[in-house]
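What follows is a set of notes on a single structure, which appears directly below.
The values are calculated or read from the model by the stated rules, or taken from the named source; none is laboratory data. Keep in mind that this is a model prediction, so the values were computed, not measured. Don't worry about glycine lacking a Cβ; one is built from the backbone with ideal geometry, like all the others, and counts go over all protein chains shown. With ligands, DNA and RNA removed, areas are computed over all heavy atoms of the protein, side chains included. Shrake-Rupley method; radii C 1.70, N 1.55, O 1.52, S 1.80 Å.
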Amino acid sequence: MKREERLNHILDLLASRRQIDVDEIVQQLSTSPATARRDLDSLAAASLLTRTHGGAVSNSVAYDLPSRYQREEHDEEKVQVAKAAAALVEKDMVIGLSGGTTTKAIATELGLRQELVGEPGRVTLTVVTNAVNIASLLAVRPNIRVMVTGGVLNDRSYELVGPMAQASLAKITLDLSFVGANGLDAQTGPMVGDEMEAAVNEQLIRQSERSFVVVDSSKIGQRSFVILDREHLTGIITDTKVTDAQRAALATGGMPVYS
């Protein structure tokens, strides 16, 4: 395994575990303890982690996120959605990600895709987001340029919202956007719980050549507070537990399902 690949794998392990020791690296990457220690030292020198006795801890996020962002129900389904969404992303695209646990899973999947890594120093993907936790997750990826909107931080979702967020998005164009939702109904459409988050999500959709609402299938049939405008929406990405009846109803409602 090449050095760059080893370093990426170590960062992936830290992103999921928040700490790692040399023995784990040796076991996971089939490398020597000396090489593992050198790799950790290199990442520490780049301020991508903090060395500890026998290992390292993550310092890519300077705060602890609420438990709902660390352990979430329907994790397996969210991973399915994330893989399906990430498969649509190609090199040199500009993509938008709203906040949410499913879009966070997409960000994680994008960081793992080796085919999006080009030669050292070359940016191969631009991600535009209003979610500070997603921005922090991708900040350690040298091939990904991250643009964060302005706005006021919603402390419940870690999303930047308000006129400044919408104004910054209005100045750019996106190839793809992925927005989360709290509920999805075939007749009503996608719904979220906050009107200011809804406004930013709609702006992401309007600025995109193609746009998708990303939800695990447990959200289908659920309702929430604010209805998202679906006029410019390309479709829905969900997991394989979506039923044929749900798929047909959503397609009839102008929201074809991708899974």
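Computed values, structure above
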quantity	calculated
Pair list, Cβ < 7 Å and 6+ apart or interchain, from segment 1-13 residues that are surrounded by 17 or more Cβ atoms within 10 Å (Cβ to Cβ) to residues that are hydrophobic (A, V, I, L, M, F, W, C) and assigned to a loop (DSSP other than H, G, I, E, B)	LEU11/LEU48; LEU11/VAL140
Exclusive hit being closer than 21 Å to ALA82 by Cα and open to solvent by less than 10 Å² (accessible area, probe 1.4 Å), set GLY180, GLY235	GLY235
So ASP216, is it within 18 Å of the chain's Cα centre (by Cα), touching a residue at least 40 places away in the same chain (Cβ under 8 Å) and open to solvent by 40 Å² or more (accessible area, probe 1.4 Å)	no
Given (1) at negative phi; (2) open to solvent by 10 Å² or more (accessible area, probe 1.4 Å), index of the condition GLY221 fails	(1)
Residues within segment 238-259 that are farther than 20 Å from LYS83 by Cα and either surrounded by 19 or more Cβ atoms within 10 Å (Cβ to Cβ) or touching a residue at least 24 places away in the same chain (Cβ under 8 Å) (or both), tallied	6
Cross-chain or 6+ apart pairs with Cβ under 8 Å, segment 28-39 first and under 15 Å from MET1 (Cα atoms), then of a type in the set (Lys, Arg)	LEU29/ARG6; THR31/ARG6; THR35/ARG6; ASP39/ARG3; ASP39/ARG6
Positions within segment 189-213 being outside any strand (DSSP E or B) and open to solvent by 30 Å² or more (accessible area, probe 1.4 Å), in sequence order	GLY193, GLU195, MET196, GLU202, ARG206, GLN207
Qualifying residue in segment 71-81 (condition: aliphatic (A, V, I, L, M), free of Cβ contacts under 8 Å to residues at least 24 places away in the same chain, out of contact with any strand residue (DSSP E or B) (no Cβ under 6 Å at 6 or more places or on another chain) and assigned by the TED database to the domain that holds SER208)	no
Enumeration of residues in segment 171-209 that are over 11 Å from ILE227 (Cα atoms) and without any contact (Cβ under 8 Å) to a residue 40 or more places away in the chain	LYS171, GLN203, ILE205, ARG206, GLU209
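Residue by residue, here is whether (1) among the hydroxyl-bearing types (Ser, Thr, Tyr); (2) surrounded by 22 or more Cβ atoms within 10 Å (Cβ to Cβ) holds:
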site: MET93; (1), (2): no, no
site: THR103; (1), (2): yes, yes
site: PRO120; (1), (2): no, no
site: VAL148; (1), (2): no, no
site: LEU153; (1), (2): no, no
site: LEU160; (1), (2): no, yes
site: ILE172; (1), (2): no, no
